[in-house]
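The values are calculated or read from the model by the stated rules, or taken from the named source; none is laboratory data. Because the structure is a prediction, the values reported are computed rather than measured. Neighbour counts are summed over all protein chains in view; Cβ atoms, including those assigned to glycine, are modelled from backbone coordinates with ideal geometry. Heads up: the accessible areas ignore ligands, DNA and RNA and are worked out on the full protein's heavy atoms, side chains in. Shrake-Rupley method; radii C 1.70, N 1.55, O 1.52, S 1.80 Å.
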Amino acid sequence: MMKAAAIVQSPWSLNQKPSHYPYKSDLVDGGGFNLSTFKGSSIKIQTTIFPLQKQPHKLEVRASIGNTFGNLFRVTTFGESHGGGVGCIIDGCPPRLPLSESDMQVELDRRRPGQSRITTPRKESDTCKILSGVGQGSTLGTPIAVSVPNTDQRGNDYSEMALAYRPSHADATYDFKYGVRAVEGGGRSSARETIGRVAAGAVAKKLLKIQSATEVLAYVSRVHGVELPDDVVDHEKLTIEQIESNIVRCPDPVIAEEMIKAIDMVRLRGDSVGGVITCIARNVPRGLGSPVFDKLEAELAKGLMSLPATKGFEIGSGFSGSKMTGSEHNDEFYIDDSGNVRTRTNRSGGIQVVWLLI
């Protein structure tokens, strides 16, 4: 069992417009600046940026990398939030896997914005198109390119971002690193980038299902202060229908209603909240991952921590395991009736490691 926690921050409100914006010239020429007076607001914020050393006016930085995840099954995502479109390129998918756009569309529809009052109001159909890698209903073993056009492009909605960096967003980071940024919606740092991951994930889920009957499910286990107790959900019997039974995607209907109320209360105040997603994978093949830096849990952590706004990752007992002794935390092995090696508990999250004191 894996958990990923996300903290969602609101953008600047319209009455918090700084009187001075940190242009690149302020940094390159070594002039410090303060953000001190916010027009139309009683809030006073004092932020000091220390001047940098004199640098040439020619800004030389390495082009953006880090858009690819995986080794044998490699996924590269592309596109900006309010550009022409977003998508992915999947390399390493074996041939003869039955695949169509409808396989991806099911997952993209689950992700699509504007589904309910508790999601972003942006209206997008998120209709995908396979450009390559599939012929006559099956994969060809060549790169699969998937594109999803942006149809609800409202760049003017982000005019305030040209004047101020949003707190806890990547606006300042992109500007400091590259000297340029996508003002409209944050570009690559937008959650819209995840469309490519969802499309590629649909292919991976189908491949795993056919090859090893592996099933991956995820649900909301906490919203703000409303938390689903650990013993409420039976992970052996949990179904996608239970998860999809409500707009917050919590498998317990009572807790789901409490979560929705908590979101509504904050939403009406013009604010936002974070939460926790719990993910389970059943019938996972043995021996996945590699020693040391390519451990399966390390790869999972990288994949989840790269999602926008994610600030925590746990597997198995997670941080609570540090409160237990080694003997309390150990997952005892046994042989089941079918002769399979199993564990009586799952504090390790299904991934066995060795603890050594050195």
Any chance you could check the Cα centroid distance between the stretch 101-126 and the stretch 255-318 for me, in angstrom?
-> 19
Net charge of neighbours whose Cβ lies under 12 Å from the Cβ of Val341, counting Lys and Arg as +1 and Asp and Glu as -1 = 0
About the Cα centre of the stretch 113-221, how large is the charge dipole given +1 on each Lys and Arg Cβ and -1 on each Asp and Glu Cβ? Please answer in debye to the nearest 20.
-> 280
For Val86, other-chain or 5+-apart residues with amide H closer than 5 Å (H placed, Pro excluded) are Val148, Asn150
Ordering Arg347, Arg117 by the accessible surface of their heavy atoms, 1.4 Å probe, largest first, yields Arg117, Arg347
Per-peptide average of other Cβ atoms within 10 Å, ordering 162-170, 323-331 highest first = 162-170, 323-331
Using a cut-off of 9 Å between beta-carbons, work out the net charge of the residues near Ala172 (Lys and Arg +1, Asp and Glu -1, Ala172 not included).
-> 0
Farthest positive-ward along the stretch 125-235 dipole, Cα basis, beta-carbon charges - from Ala191, Gly133, Gly201 = Gly133
How large is ³J(HN,Hα), in whole Hz, for each residue of the stretch 93-99 in order, when computed from phi with the Karplus curve 6.51 cos²θ - 1.76 cosθ + 1.60 and θ = phi - 60°, using x for Gly and Pro?
-> 6, x, x, 6, 8, x, 8
Would you work out which of Ala309, Val254, Ala172 lies farthest towards the positive end of the dipole of the stretch 162-314? Charges go on Cβ: Lys and Arg +1, Asp and Glu -1.
-> Ala172
Quick one: net charge of Ser212's neighbours, Cβ under 15 Å, K/R +1, D/E -1?
-> +4
Per its Cα gyration tensor (rounded if a/c is under 1.5, else prolate when a/b beats b/c, else oblate), the stretch 92-244 is best filed as oblate
So what is the relative contact order of the stretch 123-278, in percent, for Cα pairs below 8 Å that sit 6 or more residues apart?
-> 15
Taking a ≥ b ≥ c as the square roots of the eigenvalues of the Cα gyration tensor of the stretch 276-358, is the shape rounded (a/c under 1.5), prolate (a/b larger than b/c) or oblate?
-> prolate
Estimated vicinal HN-Hα couplings, Hz - the stretch 241-255 in sequence order (Karplus 6.51, -1.76, 1.60; Gly, Pro = x) | 5, 5, 5, 7, 6, 8, 6, 8, 6, 10, x, 9, x, 5, 5
